[in-house]
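What follows is calculated from the coordinates using simple rules that are stated; it is not laboratory data. No experiment lies behind these values; they were computed from the predicted model shown. In this analysis, Cβ positions are derived from the backbone assuming ideal geometry, glycine residues included, and neighbour counts consider all displayed protein chains.
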Amino acid sequence: MQAPADLRTGLAGIPEGSDLRLDLTLESVSEGVLVTAKAVAPVAGECARCLEPVSDTIEVRCRELFSYEQGAGDADEEGYSLEGDLLDLEPVLRDALVLALPLAPLCRQDCPGLCVECGVLLAQAGPEHGHESAIDPRWAGLWQRMTQAEPVGPPVPETCEESGRGRP
Ligand SMILES: [Zn+2]
Ligand SMILES: [Zn+2]
């Protein structure tokens, strides 16, 4: 089955025409036909944090009764009915798939997102990227010596400033 159009939420959707894998079980019951469907669909979207493309798959299961009765006054308006021998599964699948789409897809669970200052991808910029820690060029050399001399334990900013004061 090919995915119909408009299967998407804000940041993620199922590409139109992509391949849906369907597993259907039809059971004849007294009121109609009970359909159990399992669908696996590809999802394409944008990471909610860094806006990089994300691809994923979702799997949904739904179970719906398609009843024989049609147009009866007291019919359950929420339900589906058989049209002759046909049952139209698309609205059922559409509902299930749209509900299963991630509202905030992430390229990875711990995506660091974008730098709020400059918008760079933090995943690419590396953990050192930051603006609050921008070191005055005068201190940069010292900072390097500190971090090289003491690979274990984080450098303490205060000592750093004290010992750096007055040096060229
Ligand atoms: Zn991301
Ligand atoms: Zn930045």
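Applying 1/(1 + (r/R0)^6) with R0 = 25 Å to the Cβ-Cβ distance of His129 and Leu51 gives a FRET efficiency near 0.90.
Determine the shape class of region 1-55: with a ≥ b ≥ c the square roots of the Cα gyration tensor eigenvalues, call it rounded for a/c under 1.5, and otherwise prolate if a/b is greater than b/c, oblate otherwise.
Values: a/c = 3.39, a/b = 2.92, b/c = 1.16.
Judged from the Cα gyration tensor, region 1-55 comes out prolate (a/c at least 1.5, a/b above b/c).
Estimated at 0.36 nm per residue, the fully extended path between Leu86 and Cys115 surpasses their Cα-Cα distance by 5.1 nm.
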